[in-house]
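What follows is one structure encoded as structure tokens, with my remarks underneath.
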Amino acid sequence: MRSMSGSIAGRGRSRTVAARLFGWLTACWLMLPAWSQAASTVLDDIAFASLPGGSFEVKLSFSGAPQAPNGYIIESPPRMVFDFADTETSLPQKKYALSFDLAKSAVVISSQGRTRLIINLNETTNYDLSTQGNDLAIVVGGGTGNAATRQQYAGADKAATTAGSGAALTGVDFQRGESGEGLITVGLASRDMAVDISKIGANVVAMFYRTELPESLDRKLDVLDFATPVKSIDTVADGSAVKMVIETVGEYDYLAYQADSNYVISVKPLTREQEEERRKEFQYTGEKLSLNFQDIEVRALLQLIADFTDFNLVASDAVTGSITLRLKNVPWDQALDIILKAKGLDKRVEGNVLMVAPAAEIAERERLQVEANKQLQELAPLRTEYIRIRYADARKLFDLFDNRGSGSGGRSDTATGTILSPRGTAIVDERTNKGLLEV
């Protein structure tokens with residue numbers, strides 16, 4: 001692994017699939033069958049308020065006493081998700097832009113008697129839940145939670161818990177799916193546990209943060225005999241977290257999702273056609289890095305990438321401005337293209353020299369270069385060759401060069417079907433059966 005002052009990290013975890021999988025899970029959630037009865041609770045209003053210490057509150061107002069939501073945290077990208085069963089929404093909009101330090105937006109979606117609240121975070125944090133009448137309050141951030149602010153839900157068998165408190169794994173199970181995929185089911189003692197999954201080398205690594213590992217689950221499972229892409233599953237304690245390393249064989253794709261108190265990881269084999277298609281779709285082959293900067297100058301960012309790749313950098317004076325970005329475990333050439341496109345720039349690579357300038361400037365420079373090369377060709381001296389033809393008619397042969405077939409020679413730029421350049425000339429002396437080429 002290569003790193004630079006904690007701002008740019010080299011090869012480590014490969015690109016995370018959490019964002020893609022989260023959208024897939026949302027779509028699956030929306031397609032679940034409807035409840036047998038109409039929703040009895042309606043979400044009438046939602047409000048956001050800043051609190052001391054950098055935390056903020058989300059206040060939800062319902063038409064009746066709200067039920068305890070199923071809540072969980074996604075580590076990468078950081079998100080909080082709350083599912084309200086038997087609930088509909090009458091809110092006038094779905095997406096809300098937030099300006100808090102911990103969150104940037106919130107989304108409320110409803111389908112077939114169920115409502116989901118998604119809070120898009122800037123970093124992983126915890127939350128507290130509390131109710132008062134028909135209102136439910138979610139306090140995001142602000143420490144590990146205050147038990148005095150939490151109240152028991154009417155009809156619920158326990159109070160809502162803060163993410164990570166008393167979290168532990170309750171089981172690790174493996175089975176082979178119908179399509180030959182390996183299915184790893186991890187039992188969670190709490191639905192609010194923070195999980196991060198990524199591909200590191202040929203392995204899939206899942207991290208369960210602020211989680212305890214029972215001694216009975218601290219083991220390595222050999223599952224090679226199941227004939228799936230999964231070779232073994234090694235679950236170990238890693239400080240205050242639990243690390244699960246899934247060793248694989250062959251080419252595969254994986255997805256992960258949480259269903260109530262189970263976290264499921266599916267590792268599916270790829271066919272040769274799928275492998276080839278994946279290679280065609282993803283052309284970036286550079287070493288992976290991570291970038292996380294707020295308002296960094298573009299020139300400084302390009303210099304960091306040049307240092308990372310051992311390239312010499314030449315940047316145009318027109319390369320200015322700053323950029324904010326967060327890229328995690330992406331190939332450096334893909335990261336560079338993303339930065340260039342975002343700022344209207346382009347690049348050219350010659351040997352170990354990386355040249356960066358505005359796209360319009362590079363296009364104009366190359367156009368001028370083409371015109372200069374054309375002028376040089378027009379001004380270059382011509383070369384004259386006398387060719388003696390034997391065993392053939394020189395005139396018929398030279399018709400290949402100039403199809404006018406006059407035999408008198410001249411410039412060929414008015415001829416059609418000629419293989420001479422615009423300045424070339426082909427002349428035939430029929431008396432001596434010789435030809436003269438001027439090229």
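The values are calculated or read from the model by the stated rules, or taken from the named source; none is laboratory data. Note that the coordinates shown come from a computational prediction; the quantities given were computed from them, not determined experimentally. Note that we place each Cβ from the backbone using ideal geometry, even for glycine, and neighbour counts take in every protein chain shown.
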Yes or no: segment 269-290 includes at least one residue that is assigned to a strand (DSSP E or B), of a type in the set (A, V, I, L, M, F, W, C) and more than 30 Å from GLY187 (Cα to Cα). yes
All strands (runs of 3 or more DSSP E) inside segment 179-229 with 3 or more residues being closer than 16 Å to VAL264 by Cα and more than 23 Å from the chain's Cα centre (by Cα): 182-188
Taking segment 317-332 and the residues there that are buried (at least 16 other Cβ atoms within 10 Å of the Cβ) and within 24 Å of ALA360 (Cα to Cα), the one that is nearest to the chain's Cα centre (by Cα) would be TRP332
Could you tell me whether segment 320-334 includes any residue that is out of contact with any His (no Cβ under 7 Å at 6 or more places or on another chain), among the aliphatic types (A, V, I, L, M) and more than 26 Å from GLU75 (Cα to Cα)? no
Return the residue satisfying two criteria in turn: it lies in segment 192-239 and is under 22 Å from GLU181 (Cα atoms) and among the acidic types (Asp, Glu), and of such residues it is modelled with the lowest pLDDT. ASP196
Residues in segment 52-84 that are assigned to a loop (DSSP other than H, G, I, E, B), surrounded by fewer than 19 Cβ atoms within 10 Å (Cβ to Cβ) and over 33 Å from the mean Cα position of the chain (by Cα) total 3
Mind checking which residues of segment 101-122 are closer than 23 Å to MET193 by Cβ and assigned to a loop (DSSP other than H, G, I, E, B)? LEU102, ASN122
Single condition ALA300 does not satisfy, out of (1) in contact (Cβ under 8 Å) with a residue 24 or more places away in the chain; (2) closer than 30 Å to ASN122 by Cβ; (3) surrounded by fewer than 17 Cβ atoms within 10 Å (Cβ to Cβ): (1)
It is to be established whether one or more residues within segment 380-397 are of a type in the set (Lys, Arg) and within 30 Å of ARG348 (Cβ to Cβ). no
Checking THR125 against (1) closer than 16 Å to PHE48 by Cα; (2) outside any strand (DSSP E or B), only one condition comes out false. Which one? (1)
Starting from residues that are within 29 Å of the chain's Cα centre (by Cα) and modelled with pLDDT under 90, keep the ones in segment 154-175 and report whichever is surrounded by the fewest Cβ atoms within 10 Å (Cβ to Cβ). GLY164
Only residues that are at pLDDT below 90 and over 19 Å from PRO358 (Cβ atoms): list them for segment 311-324, please. THR324
Go through (1) under 30 Å from VAL428 (Cα atoms); (2) surrounded by 11 or more Cβ atoms within 10 Å (Cβ to Cβ); (3) out of contact with any strand residue (DSSP E or B) (no Cβ under 7 Å at 6 or more places or on another chain); (4) not aromatic (Phe, Trp, Tyr) one by one and return the number of the condition ALA360 breaks. (1)
Where ALA49 falls short, out of the listed (1) free of Cβ contacts under 8 Å to residues at least 24 places away in the same chain; (2) among the aliphatic types (A, V, I, L, M); (3) within 24 Å of ARG210 (Cα to Cα): (3)
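Conditions tested, residue by residue: (1) of a type outside the set (Phe, Trp, Tyr); (2) over 20 Å from the mean Cα position of the chain (by Cα); (3) buried (at least 18 other Cβ atoms within 10 Å of the Cβ); (4) within 30 Å of MET355 (Cβ to Cβ).
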| site | (1), (2), (3), (4) |
| --- | --- |
| ALA237 | yes, yes, no, no |
| MET244 | yes, yes, yes, no |
| GLU251 | yes, no, no, no |
| TYR263 | no, yes, yes, no |
| VAL267 | yes, no, yes, no |
| GLU273 | yes, yes, no, no |
| LYS280 | yes, no, no, yes |
| GLN283 | yes, no, no, yes |
| GLY286 | yes, no, no, yes |
